[in-house]
Amino acid sequence: MKESIPPNPQSNLCKGKRVVKHLEKIKQMDLQEEIIMDILSRLPVRSLLRFKCVSKFWMTLISQPYFTTKHFNHAKNNQSFQKMLLLNKEYSFHCSSLSSDQLFEDIQRLDRPCSGELWGWKIHCCYDGLAIIGVRNYPDNDFILLLWNLSTRESVVLPNPKFSQEVTCTWGLGYDSTSDDYKILKINGKERNEVLALKSSFWRKLDNHPTGDNCALSDMDYLAFRHGALDCLDTSSNMGCLAFVHGAFHWIDSLLNHSMVMFSISNEVYGEIPLPEGLDLVFDIMHSKQGVSVLGGMLCVYSTRIHHREYTFKLWVMNEYGVKESWNQLFTIESTDLYSITPKYMFSDGEVLLRCSQLRRSGSVFKTSNESSGVWPQSDSECIQDGFVYTESLISPKLLTWY
């Protein structure tokens, strides 16, 4: 019978020390990775795209969905990551920092998201650093709907909508936290509303709001590039992008006098948000214009009244979402020159960036709500048509779509 060898306590002790050292090494590596990730998450997208070439480790780390989310959560709370997409009549894209001390100083040209000769295009909306763009090529006149990341320049072709592409369409892009998916809402006063969840591959028709969908959004937010020129059409049928906040899209319906329409992105049901006292809805573009927007994460509504060639602009913000009594009128601007004003962005000090249209010049100018500040651009030769605020992000359009 073979004699069993008793265990060596010293040997077991050595093995135990090696296991502890190995675990400590893993913890140390995890800690180092977390430190590196935390540092990188504070850098602009342009730097991160270069750093992907440093090593396979950095390439993998920066490409992780966890890092993308960590980076975006930091970016959306940091003013230096807030940008504005600028458009001019030569169909060129530019971006500018929205930092208050560098506003419109560091302007960079962006490559457009598709090549070839274009017959027409529309910028529909921007959200989380992503833009929805409609493109028509030449000479086939084929319509393509693109999802474009303005920071990484990555784009993907979305499923072609079944509905007709009319200038009266209004678009919105938002994130549904319940399904962890982005959704596009399209509103057309002549047809039923439709929605596209990016993880699916088809558009779905929705039941319309009981009152109908006669949108009356921002007066000049519709922008179209057609026949080699950029047109900014100011008519009652032109509608801008929907205001998305608190998980819902919002817009003004001409059949509602005391409330705006809201559409929950998760359960896809309609509701109403009361409008502020003192806002008189007059759906006559010759005498009044009104719209909805989002400033500093708060729902806002604004109007311009026209009386004897004098223009009065008023802006309200809803401090507590859904509570009518929380509407607060921020300021009033009276002018004989600025016939159209749209709020675009709120700075950390409460100052608001406005896109304005002047009677004596084509295109738009940007100014802050501080009356003493100047306008940009100062030269009439720089014809800026519009601007869309966005946050730098690494969100990949290709990873958002599963088709």
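The values are calculated or read from the model by the stated rules, or taken from the named source; none is laboratory data. Source: prediction; values computed, not measured. Cβ sites come from the backbone with ideal geometry, for glycine too, and all protein chains shown count toward neighbours. Surface areas here come from the heavy atoms of the whole protein model, side chains and all, with no ligands, DNA or RNA. Shrake-Rupley method; radii C 1.70, N 1.55, O 1.52, S 1.80 Å.
Observations
- Qualifying positions in region 272-290 - at pLDDT 90 or above and open to solvent by less than 20 Å² (accessible area, probe 1.4 Å): I273, L275, P276
- For beta carbons closer than 8 Å, sequence separation of 6+ or different chains, a first residue in region 40-65 that is free of Cβ contacts under 8 Å to residues at least 24 places away in the same chain and a second that is open to solvent by 70 Å² or more (accessible area, probe 1.4 Å) and assigned to a loop (DSSP other than H, G, I, E, B), the qualifying pairs are M59/C53.
- Single match in K76, K122 (criterion: within 16 Å of the chain's Cα centre (by Cα), at pLDDT 90 or above and charged (D, E, K, R)): K76
- Remark: pairs (first residue in region 319-338, farther than 20 Å from G350 by Cα; second residue polar (S, T, N, Q); Cβ separation under 8 Å; 6+ apart in sequence or on different chains) = D337/Q358; L338/S357; L338/Q358.
- Entry remark, region 339-366: residues being open to solvent by 20 Å² or more (accessible area, probe 1.4 Å) and assigned to a strand (DSSP E or B) number 5 in total.
- Test: residue in region 321-335 that is modelled with pLDDT under 85 and open to solvent by 50 Å² or more (accessible area, probe 1.4 Å): no
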